[in-house]
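Worksheet for the structure shown next.
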Amino acid sequence: MKLENFYARVKVGIADKELKHRLQSLLDDVVSRLPDEKQFQIRGIIGFAKFDLMVKYWDCIQPNGVVVQELRKTGPIGFCNAYTTKTGDIYSFFICYMTDCFHSWSDDRIKGLIIHELSHLSCYWFDLKQEKPNLIKMNPKGREIRINQILGEYIDVPSHEYAEIEKQARAEAVRLGFEKEIEASDGKGLVFDEKKNCWRRIR
Ligand SMILES: [Zn+2]
């Protein structure tokens, strides 16, 4: 995909000054390799910031809202949120990456995470498209619930459903041509959950 086409719709904010140039060039590399598919032509925002700043940002926009809860749940790595119309068409997205650990990460590992979140967006898009004939037939409440299900809104971490969504995103990243990068980030994305006293995979 041509960079100017992508960035005409997607605004990028990099709050981490030290990493700004490196992250922009890694993102450019990923974007330039994306196919010209519809899910990458949606308006959106991509943000890079340290975890605490990201939580503060979202707490201002939507105090203790879904995103803040989600961030606390998934930990300081990455996050993809898609916004849909009432009939399940994605009209915008927000992806954020928490840069706390990036200093020690290789370029491929960071690109692996960048494509991972874009792959979630892509999966949401394909799943919603596939479900569209059923969504149209549902009543508004049922439809809203089904859309949120597809967007992974009710998923606990860790859980079987979560593992499935992660597997699907990794397969999508491979389909998009990022196998090397996914391998560099795969299996390393574990954080220790102090509350639950166990290791868990981050998305
Ligand atoms: Zn994930």
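Can you tell me how the chain classifies by the Cα gyration tensor, rounded, prolate or oblate, using a/c under 1.5 as the rounded cut? Please list the in-between numbers first.
On the way: a/c = 1.44, a/b = 1.19, b/c = 1.21.
In terms of gyration-tensor shape, rounded.
Rounded, prolate or oblate: which fits the stretch 3-100 when a ≥ b ≥ c are the square roots of the eigenvalues of the alpha-carbon gyration tensor, with rounded for a/c under 1.5 and prolate only if a/b beats b/c? Intermediate results must be reported in sequence, preceding the final value.
Details: a/c = 2.21, a/b = 1.12, b/c = 1.98.
Oblate, because a/c is 1.5 or more while a/b does not exceed b/c.
Under the 0.36 nm per residue contour assumption, what length would be gained going from the current alpha-carbon distance of Ser159 and Tyr91 to full extension?
21.6 nm
Using r as the Cβ-Cβ distance of Ser104 and Lys180, and R0 as 22 Å, what FRET efficiency do you calculate, to the nearest 0.05?
0.70
Distance check, please: which entries in Lys50/Lys73; Lys56/Lys167; Lys11/Lys167; Lys17/Lys56 exceed 19 angstrom between their Cα atoms?
Beyond 19 Å: Lys56/Lys167; Lys11/Lys167.
Based on the Cβ-Cβ distance from Lys2 to Gln168, what FRET efficiency comes out when R0 is 22 Å, to the nearest 0.05?
With R0 = 22 Å, the Cβ-Cβ based efficiency is 0.20.
Each reported figure results from applying straightforward, stated rules to the coordinates on display, with no laboratory input. None of the values given here were measured: they were computed from a predicted structure. Here the Cβ is made from the backbone with ideal geometry for all residues, glycine too, and neighbour counts use every protein chain on show.
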